[in-house]
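Peer 1: Once you've had a glance at the structure underneath, I'll fire off some questions.
The values are calculated or read from the model by the stated rules, or taken from the named source; none is laboratory data. Because the structure is predicted, anything quoted here is derived from the model rather than measured. Note that we place each Cβ from the backbone using ideal geometry, even for glycine, and neighbour counts take in every protein chain shown. Quick note on the areas: whole protein, heavy atoms, side chains included, nothing else; ligands and nucleic acids left out. Shrake-Rupley method; radii C 1.70, N 1.55, O 1.52, S 1.80 Å.
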Amino acid sequence: MKLRESSPEWNLEAFSRVIDKLVLLQMQFRKNIKVKITGDNVFVSDISWLTINHPIIHKKQKVAEQYKKTNDSNFDKYLNIRVINWAIICFYNSKDYKPDWVESRWDHKIIEINWVTISMIQIDISEDERKDWVSVTTSLHHEYQHHLNTIIWDSLLYEETWYKYNSLERNSDRFIWVWWIHSRAWLTYKDFDFVRWLFWRDINLSENPNWTIDYDTYLNQMYYLDELSASFWQWKRNTFWPKELFYNNRDPKVVSHYELIWSNNKDKQYLKELFRDYIMPWHYLHYLKWEVQKSITEYTNKALQIIWENKKTNPWEEYLEKIDMIQAYIIQILWTSRTIKQALNLIRAFWKNVVENPNNWLKKEHLDYIIAWWKQLHQYL
C-alpha cells in the first residue's frame, strides 16, 4: 500500500513498508484467532503458522520460545500458553490463580532479554472479572494490537530506517548503555531531526537527563495513539468522539482526547482535523459492514448453487474483505504515527491514494455517504 508524501528530509516509503507487514499480521490474527472457554479449559485456534517471512520476526520468535522453555516452571499455573511473533500468550482464571504483576483482567507485559524485547500477554477468563461484556477473544485481539504497535513496529521501523534512529525502540535500553547516556530523553535528543520532522513544528529537546515539555508531549502522543489504535476495531464510543473521556497507558488520568495529547495548540488543531475529516466519518464503516453482511446472506441464499457450480466467489464477501482491510490500515496507520501531525499526514495520504483512488475500495454511494458525514459531525468536535 503506497502512501506517498514527501518532506524536506524523508518520504514515507519506510513507514509504508512496515504498515503493509503489520496489516498482514493484524488481519491474520483477527480473522483466525478465536478463544473458546469450557470450564477451565481454554481452546485457542492453531497459530503456529501465523507469521511472515521476515528475519527479525524469526529471530525474536526463537528468543520468546527459548524464554518460555527455560522458565517453564513459571508458566505451570496458566491454563494455556501459545507463542507467536515473539509474544507469549497466557490464559489464567483469577478465581484460582492471579499473577502478582497483573492489575486488570488482561495485561500486556514487556520483557527484555539480552537487549531483545518480547511480549507476555495475559488474559483472565474468570466471568466474575469480565463484567463489561468484552469477550476473551476481543481482549486477546486488543492486547495483541498493543504488541504489534509497540514491539514489532519499533523493531521493523528501526530496520527500515537504516538503523539510524536509536530511540525508535522505546522498550529497549540497549542504546542508552551503548551511548553511555543517562536517560531515554537524552537518547531521543540524539534523534532530534527525526523527531522534529514528526511534529512538523519547532520543538525543544534537551541533553539533560530530565525532560522538556515537547519530550513529554512526544511520549503522551505515542501512548495515546497506541490506545486509540487498539480500541478502534472494538468500536468503543469514546474512540470516535474527541471530547469524550479517553486515556493512554502512560498517564492514569481519564480526560478528553485534546487534553491527553498535551497543551500545544497546533497539535490540538491537527487532532481536530484528524477526527473531523477521517476518524469520525469512518465510524460509518461499522454500519456498512452490517449492511454487507446482510447482502452476503441474501446473495448466498439466492445463488448458492450457481456459486458452487461455477466456482465463483461471493462479490459481497470480497467487498467485506476490502472494508476490513480499510479498517486494518486505519488502525495500523494510527499507531505507525508517533505524533498527531504524522497521523494526519499518513491518513490523508491513505485517503487520497487508496480510498479515493479511481479503482477505489468503496462503492461510490458508500464513499459519498461517508463524505456527507463530515459536516454532520462537526458539532461533536
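Peer 1: Could you tell me whether L168 is open to solvent by less than 30 Å² (accessible area, probe 1.4 Å), part of a helix (DSSP H, G or I) and touching a helix residue (DSSP H, G or I) at 6+ places or on another chain (Cβ under 6 Å)?
Peer 2: Here the answer is no, as L168 does not meet what is asked.
Peer 1: K95 is checked against (1) at pLDDT 85 or above; (2) surrounded by fewer than 17 Cβ atoms within 10 Å (Cβ to Cβ); (3) within 19 Å of the chain's Cα centre (by Cα) and fails just one. What number does that condition carry?
Peer 2: So K95 meets the others, but not (3).
Peer 1: I've got another one for you. So, in segment 103-123, of the ones that are surrounded by 17 or more Cβ atoms within 10 Å (Cβ to Cβ) and more than 18 Å from W153 (Cβ to Cβ), which residue ends up modelled with the lowest pLDDT?
Peer 2: R105
Peer 1: Right, another one. Which residue pairs have Cβ atoms under 6 Å apart, sit 6 or more places apart or on different chains, and have a first residue in segment 199-221 that is farther than 14 Å from R338 by Cβ and open to solvent by 40 Å² or more (accessible area, probe 1.4 Å) and a second that is among the small types (G, A, S) and not in a helix (DSSP H, G or I)?
Peer 2: P209/S183
Peer 1: Looking at segment 342-377 only, could you name the residues that are farther than 27 Å from D226 by Cβ, part of a helix (DSSP H, G or I) and in contact (Cβ under 8 Å) with a residue 24 or more places away in the chain?
Peer 2: Passing the criteria: H366, Y369, I371.
Peer 1: Pairs, please: C-beta under 9 Å, at least 6 apart or cross-chain, first residue more than 17 Å from Q327 (Cα to Cα) and open to solvent by 10 Å² or more (accessible area, probe 1.4 Å) and in segment 263-282, second assigned to a helix (DSSP H, G or I) and charged (D, E, K, R)?
Peer 2: Pairs found: N264/D214; K266/K341; Y270/K341; E273/R348.
Peer 1: Any residue in segment 78-100 that is under 28 Å from H58 (Cβ atoms) sitting within a Cβ distance under 7 Å of a residue that is open to solvent by 50 Å² or more (accessible area, probe 1.4 Å) and assigned to a strand (DSSP E or B)? List the pairs, counting only those 6 or more apart or interchain.
Peer 2: I89/R82
Peer 1: So the check is Cβ under 8 Å with 6+ separation or different chains; which pairs have a first residue in segment 148-160 that's more than 16 Å from I89 (Cβ to Cβ) and a second one that's open to solvent by 10 Å² or more (accessible area, probe 1.4 Å) and among the aliphatic types (A, V, I, L, M)?
Peer 2: Every condition considered, the pairs that remain are S155/I56; L156/I56; E159/I56.
Peer 1: Now a separate question. Determine whether F240 is among the aromatic types (F, W, Y), crowded, with 18+ Cβ neighbours inside 10 Å and without any contact (Cβ under 8 Å) to a residue 24 or more places away in the chain.
Peer 2: On the way: among the aromatic types (F, W, Y): yes; crowded, with 18+ Cβ neighbours inside 10 Å: yes; without any contact (Cβ under 8 Å) to a residue 24 or more places away in the chain: no.
It is false that F240 is among the aromatic types (F, W, Y), crowded, with 18+ Cβ neighbours inside 10 Å and without any contact (Cβ under 8 Å) to a residue 24 or more places away in the chain.
Peer 1: Residues in segment 154-163: is at least one in contact with a His (Cβ under 9 Å, 6 or more places away or on another chain) and buried (at least 19 other Cβ atoms within 10 Å of the Cβ)?
Peer 2: Yes, that holds for at least one residue.
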